[in-house]
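Student: Mind looking over this structure? Questions follow.
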Amino acid sequence: YPSWSPDGAKIAYIRGNGISVMNADGSGQTQLTVGGVRHDDPSWGPGGYKIAFTASNTEIGVMNADGSGGTMLTDGFGGDENPDYSPNGAKIAYTHINRDIYVMAADGSFKRRLTDTPGKNVGHA
């Protein structure tokens with residue numbers, strides 16, 4: 001699951017159970033997350049300052065692009081994954097275990113369910 005930074009200079013990717021970044025030419029590989037928690041689905045925020053991710057397939061988190069300042073945005077009670085920043089960085093869309101689509105503010109507030117079955121719209125962000 002590689003993810004290009006907005007400026008195309010870096011790639012975030014999965015390495016083992018964590019998220020790493022490297023320069024676009026493959027140099028400068030750096031592990032951002034470590035430990036027993038699996039991290040997946042890196043998604044760069046606009047400007048390349050933040051990366052959203054899935055922790056252990058249950059919770060959405062964000063961290064600074066250097067790996068610092070990590071925080072969880074969802075409650076971890078089940079199946080939140082596949083985060084993706086909105087183009088302006090104000091919101092993050094993600095899926096829930098039942099594959100419904102949710103959206104929240106980039107700080108984790110104002111969570112809202114958009115579908116009640118995959119692909120069926122029930123509201124607007």
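The values are calculated or read from the model by the stated rules, or taken from the named source; none is laboratory data. Bear in mind the structure is a predicted one, so any value in this text is a computation, not a measurement. These area figures cover heavy atoms from the full protein model, side chains too; ligands, DNA and RNA do not enter into them. Shrake-Rupley method; radii C 1.70, N 1.55, O 1.52, S 1.80 Å.
Student: Take the Cα radius of gyration of segment 6-49 and divide it by 2.2 N^0.38 Å, with N its residue count; two decimals is plenty. It would help to have the intermediate numbers written out before the result.
Tutor: Details: Rg = 10.6 Å, N = 44, 2.2 N^0.38 = 9.3 Å.
Dividing the Cα radius of gyration by 2.2 N^0.38 Å gives 1.14.
Student: Pull out the extension gain between PHE110 and TYR1, defined as 0.36 nm times the separation in residues minus the alpha carbon to alpha carbon distance; nm, one decimal. Write out the running numbers ahead of the final one.
Tutor: Working: separation 109, 0.36 × 109 = 39.24 nm, distance 2.74 nm.
Contour length minus the Cα-Cα distance gives 36.5 nm.
Student: Here's a follow-up. Leaving out ligands, DNA and RNA but keeping every protein chain, what accessible area does TRP4 have, in Å² rounded to the nearest 10, with a 1.4 Å probe?
Tutor: For TRP4, the solvent-accessible surface is approximately 150 Å².
Student: Tell me, in nm to one decimal, what length is gained between PHE77 and TYR49 on full extension, where the rule is 0.36 nm per residue of separation less the Cα-Cα distance? Intermediate results must be reported in sequence, preceding the final value.
Tutor: Working: separation 28, 0.36 × 28 = 10.08 nm, distance 2.75 nm.
Stretched fully, the PHE77-TYR49 segment lengthens by 7.3 nm.
Student: Please report, in Å, the Rg and the Dmax of the chain, where both are computed over Cα atoms only.
Tutor: Final numbers for Rg and Dmax: 14.2, 45 Å.
Student: While we're on this one: Could you please state how large a percent of the accessible area of the chain is carbon and sulfur, counting protein chains only and using a 1.4 Å probe?
Tutor: Working: 3560 of 6570 Å².
Summing carbon and sulfur atoms, their accessible area is 54 percent of the total for the chain.
Student: Would you work out the relative contact order for the chain, in percent, from Cα pairs under 8 angstrom that are 6 or more residues apart? Write out the running numbers ahead of the final one.
Tutor: Details: 315 pairs, mean separation 17.2, N = 125.
Over the chain, the number comes to 14 percent.
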